[in-house]
Amino acid sequence: MTGQEMPLLVGEGLHKSFGPTRALDGAALSVRAGEVLAIMGSSGSGKSTLLHCLAGILRPDAGTIGYGGADLAGMDDKARSALRRTEFGFVFQFGQLVPELSCLENVALPLRLTGTRRKPAEAKATEWLARLEVDDLAKRRPGDVSGGQAQRVAVARALVTGPKVVFADEPTGALDTLNGEKVMQMLTEAAREARAAVVLVTHEPRVAAYSDREVVVVDGRTIDRRLAA
Ligand SMILES: Nc1ncnc2c1ncn2[C@@H]1O[C@H](COP(=O)(O)OP(=O)(O)OP(=O)(O)O)[C@@H](O)[C@H]1O
C-alpha cells in the first residue's frame, strides 16, 4: 500500500446523541493520507457532528476513531486537544480568526501555541500568507478584510503547522460563488502540496467537486457516494 492509500483516520460505529436527538447513528468513515474527502448530506443529517468527532472536538457516545495507532474516542480532553494542536488544522465557515490580532499574528498563533518563538513563527506565517496571496494583509485585523480574504488567512492558519489532516466545515458557506471557488482551489492545492488530507463538510456539489471522494450522511449514517447514486 502506498502512503496515499493507507487509512490515516478511521471512524467506526460512531454514535452521538444530544438529549433525545440522535445525530450519529453508526457512522463510519476512513480518510487516507493526502486525500480530499467531502462529507455531504442534507441539513441536520449529522455532517458537522461527524467532523467534530473525527477531529477530536466532540467525544462520541460509542465507537472508535483510530489515528496513528491511538483511539481518539478514548482519549481525555487534554490529550485530544494536544493532538488537535499538533496534527490537525481547522477552517470553519466564519468567525474563527481572533479579531484583536493582525492577520499575521492569527496565522502565527498555532505555532506560538506549540512553543515556536515569535520571530520564526511570524516568518513562517508570512510564507503562508504569501502562498495564499494575502501577504499584503499581514498587518490588518480580520475585521478590516473581505470575507474571501479572511478565509484565505484562515486556510494559511490551518496549514501553518504542517498538519496531517485539515478539517473544513462549510469553508465557503459565507462566500459568493467566485470567492468560494478561489478559496476551495487554494485550500485543496495547498493541502495537496503539503500532503495534508482534507475532510470537508459541504452541502454544495460545486464545492464537493474539489474532492477525490464523497461520502453522504443520511440520518446519522454514512453511505459511500457511489452506493448512494
Ligand atoms: N450541540 C447540540 N445540541 C443539540 N442538538 C445538536 C447539537 N449539535 C447538533 N445537534 C443536532 O444533531 C443533528 C445533527 O446536527 P449536525 O449539525 O451534525 O447536522 P449537519 O448535517 O451538519 O447540518 P447543517 O448542514 O444544517 O449544518 C441535528 O438534529 C442537530 O439539531
Worksheet item: What is the mean projected area of the alpha carbon convex hull for segment 29-91, to one decimal in square nanometres?
Response: 4.8 nm²
Item to complete: Report the relative contact order of the chain, percent, no decimals, based on alpha-carbon pairs under 8 angstrom and at least 6 residues apart.
Response: 29 percent
Worksheet item: Roughly how many whole Å is it from the C-alpha centroid of segment 38-53 to that of segment 113-163?
Response: 27 Å
Worksheet entry | Longest to shortest principal axis, alpha-carbon extents of segment 1-65, angstrom | 43, 23, 18
Worksheet item: In debye, nearest 20: dipole of segment 119-161 around its Cα centre with unit charges on the Cβ of K, R (+) and D, E (-)?
Response: 140 debye
Practice prompt. For segment 75-169, just list the percent of Cα-Cα distances falling in each 5 Å bin from zero outward, please.
Written response: 3, 15, 26, 26, 18, 8, 3, 1, 0
Practice prompt. Work out Dmax and Rg for segment 111-229 from the C-alpha atoms and quote the Rg first, both in angstrom.
Written response: 15.8, 51
Worksheet item: Across bins of 5 angstrom width beginning at 0, how are the C-alpha pair distances of the chain distributed, in whole percent?
Response: 1, 7, 15, 19, 20, 17, 12, 7, 3, 0, 0
Practice prompt. Return P(r) of segment 177-229 (all Cα-Cα pairs; 5 Å bins starting at 0; whole %; ordered from short to long distances).
Written response: 4, 17, 27, 23, 14, 12, 3
Discussion item. Given Cβ point charges of +1 (Lys, Arg) and -1 (Asp, Glu) and nothing else, what value in debye, to the nearest 20, does the dipole of the chain about its Cα centre take?
Written reply: 520 debye
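Of all the C-alpha pairs in segment 1-124, what % are more than 17 Å from each other?
Within segment 1-124, distances greater than 17 Å cover 64 percent of Cα pairs.
Values quoted throughout were computed directly from the atomic coordinates according to the rules given, and no laboratory measurement underlies them. All figures in this text were calculated on a predicted structure; none of them were measured in a lab. Backbone-built Cβ (ideal geometry, glycine too); neighbour counts: all protein chains shown.
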